[in-house]
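The values are calculated or read from the model by the stated rules, or taken from the named source; none is laboratory data. Since we're looking at a predicted model, the values are computed, not measured. As a convention, Cβ positions derive from the backbone with ideal geometry for all residues, glycine included, and neighbour counts pool all protein chains shown. Protein only, heavy atoms only, side chains kept; ligands, DNA and RNA dropped before computing areas. Shrake-Rupley method; radii C 1.70, N 1.55, O 1.52, S 1.80 Å.
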Amino acid sequence: MEPVALGLPAVPSRPLSVRRLSRRIEVGSVAVGGDAPVSVQSMTTTVTSDVNATLQQIAELTAAGCQIVRVACPSQDDADALAAIAKKSQIPVIADIHFQPKYVFAALDAGCAAVRVNPGNIRQFDNKVKEIAKAAASVGTPIRIGVNAGSLDRRLMEKYGKATPEALVESALWECSLFEEHGFRDIKISVKHNDPVVMVNAYRLLASKCDYPLHLGVTEAGPAFQGTIKSAVAFGALLSEGIGDTIRVSLSAPPVEEVKVGIQILESLNLRQRRLEIVSCPSCGRAQVDVYTLANQVSAGLEGMEVPLRVAVMGCVVNGPGEAREADLGVASGNGKGQIFVKGEVIKTVPESKIVETLIEEAMKIAEQMESDGAFSGVPEVTVG
């Protein structure tokens, strides 16, 4: 069979917007803000004082692509465990502090890469800012001022009546001003809300009023499906405007799932170099093969592939050739067989029973060639403004 040339795009698509140019901080080995790529965070669900269990979960998160991990520190036992965790973790560890300011100092002494504080629920926090700023500056540790709608300072709740975007931003900037009075600006900010609309408006307002790097999050987003939708909508809106320097998808699900969703959001917006992407049709009355099964089997067979490979799994010839123009590899199926195309050219026709194994085989060939040609660097393209 003669190859059928379908053509490939000459230039990959670029991010939707230039990035907001924020102040740059260093969270351990990960740069946040400035011209650094948007990073993905998650949080452990283990009891922090159980060092082995916490390190095991951090290892799983690291393997999934997590770049920064946060651990809860609600007790003295948890604070005592921070040093061992920070030392042995492969990725930077942030201590998450609520209620007790003494744990902030414990986290700094333990060598955590950053400390998250929630001014709304740390007793007499404003009176401790000078000490915290001095201690953090002495060890070069950044502070995240994490404002949450559910724990907003009582004074602001009385002023605004509820956790409005203006209330969240006023809280964050007030706390920043207290640190600034002591010359401390190694700060990252989050203003989280469970309503994506309120959250988006809060971050837009915050971005217009400061140059600090911003950590995006929809707090208490919900179970996996609902939380994924909320986070994708909110992050998509902000990141497409260039707002956001690091993200955490909050799901009532294992934290590895948070990382997977976060990475996929960044890849979808071209803020991270895409890895494996399956383009598959939703199926319809034209489909003569089980598209759902085909797509799932191909995804499972190529799981873990790191090269930026786009694979199209199509159920009929109506959209198959068009998708081939955008894909590295694909199949247009029908009448018990599938046309396999590579780099825009139909290379062979195989029986339906051989489609999955053929696609996997060809994908491995392409991946090996890309790696030998040096076409895959793993480094995302970043545009800032």
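Numbers below:
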| read-out | value |
| --- | --- |
| Helix 196-209 axis, angle to the chain major axis (alpha carbon atoms, nearest 10°) | 60 degrees |
| Dipole moment magnitude, nearest 20 debye, segment 54-136 about Cα centre, only Lys, Arg, Asp, Glu C-beta charged | 240 debye |
| Whichever aspartates and glutamates have a C-alpha closer than 17 Å to that of LYS354, once near sequence neighbours (fewer than 8 apart) are set aside | ASP290, GLU362 |
| Whole-Hz couplings from phi, Karplus 6.51/-1.76/1.60, listed for segment 253-270; x for Gly and Pro | 7, x, x, 4, 5, 4, 5, 4, 5, x, 4, 5, 4, 5, 5, 5, 9, 6 |
| Rounded to the nearest 20 debye, dipole of segment 137-261 from Cβ charges on Lys, Arg, Asp, Glu | 180 debye |
| Mean Cβ neighbour count within 10 Å, used as a protection proxy, ranking 53-63, 206-216 highest first | 206-216, 53-63 |
| ³J(HN,Hα) computed for each position of segment 289-305 - Karplus, 6.51 cos²θ - 1.76 cosθ + 1.60, integer Hz, glycine/proline x | 9, 7, 4, 4, 5, 4, 4, 5, 5, 5, 4, 5, x, 10, 4, x, 5 |
| Relative contact order %, segment 245-315, counting alpha carbon pairs below 8 Å whose residues are six or more apart | 33 percent |
| Residues with amide H under 5 Å from that of ARG310, placed H, sequence gap 5 or more | GLU277, ASP328, LEU329 |
| ARG144 long-range amide H proximity, modeled H, under 5 Å | VAL115, ARG116, VAL117, LYS188 |
| In nm, spacing of pseudo-spin labels at GLU181 and ARG14 (7 Å Cα→C-beta vector) | 4.4 nm |
| Which of ALA95, CYS73, ALA137, positive extreme of dipole for the chain (C-beta unit charges) | ALA137 |
| Inter-label distance for ALA84 and ARG155, nm, one decimal - labels placed 7 Å from Cα along Cα-to-Cβ | 4.1 nm |
| Rounded if a/c under 1.5, otherwise prolate or oblate - the chain, Cα gyration tensor axes | prolate |
| Of HIS182, HIS193, HIS98, the one that fluctuates the most in a GNM where the chain has Cα springs shorter than 10 Å | HIS182 |
| P(r) weight above 18 Å for segment 76-134, C-alpha pairs, percent | 30 percent |
| Within straight-line cross-link reach of LYS159, lysines at Cα separation under 22 Å, skipping those fewer than 8 residues along the same chain | LYS192, LYS209 |
| ARG19 long-range amide H proximity, modeled H, under 5 Å | THR383, VAL384, GLY385 |
| Gyration tensor (alpha-carbon) shape descriptor, segment 187-289, a/c threshold 1.5 | prolate |
| Computed accessible area, LEU251, all protein chains, 1.4 angstrom probe, square angstrom | 20 Å² |
| Dipole of segment 144-230 [Lys/Arg +1, Asp/Glu -1 at C-beta], most positive-end residue of ILE229, MET157, LEU168 | ILE229 |
| Which of THR44, THR62, GLY33, positive extreme of dipole for segment 9-65 (C-beta unit charges) | GLY33 |
| Karplus-derived 3J(HN,Hα), 6.51/-1.76/1.60, for each residue of segment 143-149, Hz, glycine and proline x | 10, 9, 8, x, 8, 10, 4 |
| Cα long-axis angle, helix 76-88 against the chain (0 to 90 degrees, to the nearest 10) | 50 degrees |
| Approximate spin-label separation GLU357-ASP35, in nm, with each point projected 7 Å along Cα-to-Cβ | 5.0 nm |
| Share antiparallel - DSSP beta bridges, the chain, percent rounded to 5 | 30 percent |
| Degrees separating the helix 355-373 axis from the principal Cα axis of the chain, which is the longest one | 60 degrees |
| Charge dipole (debye, nearest 20) of the chain; +1 at Cβ of Lys and Arg, -1 at Cβ of Asp and Glu | 900 debye |
